[in-house]
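Peer 1: Got a structure for you, questions after.
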Amino acid sequence: MGEKKKKIIKSIKIDVDKCNGCRACEMICSAFHATPKYSSNNPARSRIRLIRDPLRDVYLPVYAGELAKAECMGRDKYVIDGKEYDECGFCRASCPSREVFKEPDSKLPLKCDMCQDDPPQEKPLCVQWCINDALIYEEREEEVEEEVKLEDVEIGLESMIDKYGMQKVMDTVSRMSASKKG
Ligand code: SF4
Ligand code: SF4
């Protein structure tokens, strides 16, 4: 059992009724996380995605959570206030069954970092840019087990190792570092 410690839990409450599908959240998230910062914006690189079906008036913002290595069995439907949603729509995982929350070129998993990237933001940028107040930022204090936090690089490496195997990744890194030195 790990040590208990106090932690600020940051979360975004989503008020689906207020979202009008403007996609400003996707734009600012992808721009903030672009390299260099703000050099481009592309919803496919955003860590918040909009599940949208204008004909049925469905606009569901969902932000990227943990990597799921295997797809799940969940294919249920939910009817809420007369609108039908696929179970997958609510899921925050980057998983093998769909394209969202994967960096389009490398296919590495994307995960929301609450905009704690450099420079850290007082409030997540998607929340700041949502003029309809569909995204509401919340902080609360909780006692949690001390966790080992995986950095983005580690998560990316883990996923590469799963896909290509440890040896292939090691070989590629040593080849790249040799060519950089030379
Ligand atoms: S910025 Fe707000 S209203 Fe626009 S798509 Fe995102 S959540 Fe919806
Ligand atoms: S909190 Fe920041 S990283 Fe997370 S979805 Fe919103 S803009 Fe993207």
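Peer 1: Of all residues in segment 114-136 being within 19 Å of Ile155 (Cβ to Cβ) and surrounded by fewer than 15 Cβ atoms within 10 Å (Cβ to Cβ), which is modelled with the lowest pLDDT?
Peer 2: Among residues in segment 114-136 that are within 19 Å of Ile155 (Cβ to Cβ) and surrounded by fewer than 15 Cβ atoms within 10 Å (Cβ to Cβ), the one modelled with the lowest pLDDT is Asp117.
Peer 1: Could I ask something else about it? What pairs come out if I take residues in segment 112-124 that are more than 16 Å from ligand 1 (Cβ to nearest atom) and pair them with residues that are not in a loop (DSSP other than H, G, I, E, B) whose C-beta lies under 8 Å away, six or more apart or interchain?
Peer 2: Asp113/Asp152; Asp117/Phe32
Peer 1: Checking the condition under 20 Å from Leu135 (Cβ atoms), assigned by TED's automatic domain parsing to the domain that holds Tyr137, more than 11 Å from ligand 2 (Cβ to nearest atom) and not hydrophobic (A, V, I, L, M, F, W, C), which residue from Lys69, Lys18, Lys102 passes?
Peer 2: Just one listed residue meets the conditions, Lys18.
Peer 1: Then there is this: Among the residues of segment 137-168, what is the count of those that are assigned to a strand (DSSP E or B) and either modelled with pLDDT under 85 or among the aliphatic types (A, V, I, L, M) (or both)?
Peer 2: Number satisfying all stated conditions: 2.
One line per residue, one yes/no per condition, for (1) more than 10 Å from ligand 1 (Cβ to nearest atom); (2) in a loop (DSSP other than H, G, I, E, B):
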| site | (1), (2) |
| --- | --- |
| Ser11 | yes, no |
| Asp17 | yes, no |
| Glu26 | no, no |
| Tyr38 | yes, yes |
| Tyr59 | no, no |
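Peer 1: When you scan segment 153-166, do you find a residue that is within 21 Å of the chain's Cα centre (by Cα), within 16 Å of ligand 1 (Cβ to nearest atom) and under 27 Å from Pro61 (Cα atoms), even just one?
Peer 2: Scanning segment 153-166, I find no residue that is within 21 Å of the chain's Cα centre (by Cα), within 16 Å of ligand 1 (Cβ to nearest atom) and under 27 Å from Pro61 (Cα atoms), so the answer is no.
Peer 1: Scanning for something within 16 Å of ligand 1 (Cβ to nearest atom) and assigned to a loop (DSSP other than H, G, I, E, B), does segment 72-80 turn up at least one residue?
Peer 2: So far as segment 72-80 goes, no, none of its residues is within 16 Å of ligand 1 (Cβ to nearest atom) and assigned to a loop (DSSP other than H, G, I, E, B).
The values are calculated or read from the model by the stated rules, or taken from the named source; none is laboratory data. Keep in mind the model is a prediction, meaning the values are calculated, not measured. Glycine also receives a Cβ, built like all others from the backbone with ideal geometry; neighbour counts cover every protein chain displayed.
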